[in-house]
Amino acid sequence: MFESEVRFYREIAPVVGVRVPECYQSESGPEGTLLVLEDLSEWAPGAEPGAAAQVLRELHDRWVGRADWGWLRPLGAGEDLVADLYDRTWPALAERSDLSAPVRAFGERLVGRVVEIEKAVGQAGALTLAHGDASAQNMRTGPDGVVALLDWEDVSVAPGVLDLAWFLVSSVDPARWQEALSAYGTSEGISAVMPSVMVQGYLSASDLPDGEAVRWNARLEAALELL
């Protein structure tokens, strides 16, 4: 992952077409990797749903069918590990008090099916350059409203709607999902990627103490409505 981020800043960032931190130094060797990047800590954390979705659409449109860097992570990478982790985590998730009945029932149906679900992502649309972890946590908004995308360790080749779906499930209050969907311009393929994204949502919820995943549950409930 760290090697991928170094290569992103060396090879892709200069032409990526959306705002990312300036890279002042990038090194990779036997002892590890080093990146010295522009400090955007004074920018506002996150981004408005519509503004973030617009930036993601610009990224995806620019590179559809053209993300031909051979080192980019392909679809399906690590799917067996994710499947194993989900199946091992589910029994504890099923006992949580902060998951609603519909969210719990859908989570149960995912057990033993994660690899199948990951393969379905390939049916969601044309492949493009995807950020891979497009949560609000990895965005900053400048004084002029420009949105920068940070943390490119998970950069990959995937249908662009995968980034949009993860942004919704990880970061956006369901009352504002339509803002992001309208700004992105299409929801085509979102039903194909949403189960995969929900797997990540369940796993993220599992990291919190019981009772503190209420917001994750609300977003997972909203995701069910898009299936």
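For the residues 25, 137, 200, a GNM of the chain with alpha-carbon springs under 10 Å puts the largest fluctuation on 25. The residues of the chain expose, per residue, 48 Å² of accessible area to a 1.4 Å probe. Considering helices alone, the calculated mean residue ellipticity of the chain at 222 nm is -13500 deg cm²/dmol, with DSSP H runs of length four and up weighted by -39500 (n - 2.57) and normalised per residue. Of 59, 208, 164, the residue with the greatest mean-square motion in the GNM of the chain, using alpha carbon springs below 10 Å, is 208.
For segment 80-145 and segment 178-219, write down the distance between their C-alpha centroids in whole Å. Segment 80-145 and segment 178-219 have Cα centres spaced 7 Å from each other.
Over the chain, what number does the Rg to Rh ratio reach, with both radii from the alpha-carbon atoms and Rh per Kirkwood? All intermediate terms of the calculation are to be shown ahead of the outcome.
Details: Rg = 17.5 Å, Rh = 18.2 Å.
Taking Rg over the Kirkwood Rh, I get 0.96.
Measuring nothing but protein heavy atoms, the accessible surface of the chain at 1.4 Å probe radius is 49 percent carbon and sulfur.
Over all alpha-carbon pairs in segment 114-227, figure out the percentage whose distance exceeds 19 Å. Could the numbers behind the result be given before it?
Working: 2923 of 6441 pairs.
Distances greater than 19 Å cover 45 percent of the Cα pairs.
The values are calculated or read from the model by the stated rules, or taken from the named source; none is laboratory data. What you see is a predicted model, and the numbers here were worked out from it, not measured in a lab. With ligands, DNA and RNA removed, areas are computed over all heavy atoms of the protein, side chains included. Shrake-Rupley method; radii C 1.70, N 1.55, O 1.52, S 1.80 Å.
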